[in-house]
Each structure stands twice: as C-alpha cells, then as structure tokens.
Amino acid sequence: GIISEADVAVVRALKDEGVLLKFDPKELNGSSKNGGVAVICSDGDIDAPFFHAQLTHRPHCVRVFGGSLLFAPSFRGYNVSFTSLLVENLKDGMVFKDTKTLFLYFHAPCGVANKYQYGIKEQVALAAEARKFFAADPFFVPAKILSLFHVKKMIDGKLEQNTYKIVA
C-alpha cells in the first residue's frame, strides 16, 4: 500500500521534528555481527524484507502480522503470552546466530495498526515503547536495538520508498 497525502504530511512533520531520520544502510558499517535479527510485519512483505537484505549479508527475520508493534505493552493488541513466546524465540535465534543486533521494523500503511486505529504518530510512539521493552531486558544491548520505519508514498506522481530511523 501507499500512504495517503495526509500521512505524507505527518511523515514530513516527524522528519522536521527530528523524530524520523533518513536511514542509510551504510550507517551500520558492518556493526551488525552475523546479520542481526529483524522483526518485520508480515503485512510489509513487499518492502521491508528486501530493504533489510541490503543491510547485511545474513538477513535473519521473524515475520508476524503486527511485527514490532506486538512488543509495545500499551498496544491494544498486546498479548503477554504471545509476546513472551516471541521474545524467547528471538533470544534463541540471536544465540544460534551469535548476534546481539535487533532490528525492529514498523511500516505504513500497516493492516494491524489500522485494525487498532493507530496512525503514524501513534505507531512511532509505540516503536519507542517497543524499543524500551527490549532495552529493559538484560539479554539485549540497547545500543544494538534499531527501530526503523518504512513508508511508500507518491510524490509528484512517482512512487518513493523510504526507510527512516526512529529516534524518539
């Protein structure tokens, strides 16, 4: 899907506020040992996995509808049991792949975010909450948790895709 013109304005405002920064995969500069592990919404199947594959030679991914939204405790679809199982699976995968880097992907439009009536600003707030959720667990290294936001938009009649680092 493509975000609406109103959402394009929201993304622009978040960029102007410094909450979203254009993300260049070169920023990683090989710092994600053994590829890291990405949590990607299955609804973002056309975009995010391909972008993630550009970040590393070993793009390990967990795909589930809602993706990283599911780890924000205030998310209206939050389920403690389901989230606990996902966290244990992520930890196992990170041990198996000998990595400490975690990529939390968010995207718009997102079917799960829409189901629970979250706009882009709310998703970005939930992204910060999900990051804090992982950072509070001693297994994860806060400096190696990256929150990324992917959008597809029409600008002057041309399709444009961007991935931003969420710094909120």
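Treating the beta-carbon of each Lys and Arg as +1 and of each Asp and Glu as -1, no other charges, what is the dipole magnitude of the range 87-145 about its Cα centre, to the nearest 20 debye? Please list the in-between numbers first.
Working: 8 positive and 6 negative charges, 31 e Å.
Approximately 160 debye in magnitude.
Can you show me the helix-derived [θ] at 222 nm for the chain, built from DSSP H runs with n ≥ 4 at -39,500 (n - 2.57) apiece and divided by the number of residues, rounded to the nearest 500. Working shown, then result.
Working: 5 runs with 58 residues, N = 168.
Mean residue ellipticity at 222 nm (helix-derived): -10500 deg cm²/dmol.
Provide the gained length on full extension for the span Gln117 to Lys22, in nm with one decimal, where the gain is 0.36 nm per separating residue minus the Cα-Cα distance.
That works out to 31.6 nm of additional length.
How far apart, in nm, are the 7 Å Cα→Cβ label points at Phe65 and Val167?
3.5
Could you order Tyr116, Tyr105 so the one with the most accessible surface comes first? Probe is 1.4 Å. Present the calculation step by step, with values, prior to reporting the outcome.
Working: Tyr116 60, Tyr105 5 Å².
Order by accessible area, largest first: Tyr116, Tyr105.
Of the listed pairs Lys97/Lys132; Lys26/Lys153; Lys22/Lys152; Lys22/Lys153, which have alpha-carbon separations greater than 21 Å here? Spell out each step's value before the answer.
Numbers: Lys97/Lys132 23 Å; Lys26/Lys153 23 Å; Lys22/Lys152 13 Å; Lys22/Lys153 14 Å.
Pairs exceeding 21 Å: Lys97/Lys132; Lys26/Lys153.
So, by mean Cβ neighbours within 10 angstrom, what's the order for 69-81, 121-133 with the highest one leading? Before the final figure, lay out each step's value.
Values: 69-81: 16.4, 121-133: 19.8.
By packing density, highest mean first, the sequence is 121-133, 69-81.
Need one number: nm distance between label points at Ala9 and Leu85, each 7 Å from Cα along Cα→Cβ, rounded to one decimal.
4.3
Could you work out how much longer the chain between Glu160 and Ile2 gets when fully extended? Use 0.36 nm per residue separation minus the Cα distance between them, nm to one decimal. Walk me through the numbers before you get to the answer.
Numbers: separation 158, 0.36 × 158 = 56.88 nm, distance 0.93 nm.
Extending this stretch completely gives an extra 56.0 nm.
Please list, in order along the range 108-116, the HN-Hα scalar couplings obtained from phi with the Karplus expression 6.51 cos²θ - 1.76 cosθ + 1.60 (θ = phi - 60°), rounded to whole Hz, x for Gly and Pro.
9, x, 10, x, 5, 4, 5, 4, 9
Which far-off residues, 5 or more places away or on another chain, put their amide H under 5 Å from the one on Tyr105, with H placed in the peptide plane?
For Tyr105, the qualifying residues are Val39, Ser68, Leu148.
Might you tell me the accessible area per residue for the chain, computed with a 1.4 Å probe and given in Å²?
Values: 8370 Å² over 168 residues.
Using a 1.4 Å probe on heavy atoms only, each residue of the chain averages 50 Å².
The values are calculated or read from the model by the stated rules, or taken from the named source; none is laboratory data. Please read all numbers here as calculations on a predicted model, not as lab measurements. Glycine also receives a Cβ, built like all others from the backbone with ideal geometry; neighbour counts cover every protein chain displayed. Note: areas computed on protein heavy atoms with side chains; ligands, DNA, RNA excluded. Shrake-Rupley method; radii C 1.70, N 1.55, O 1.52, S 1.80 Å.
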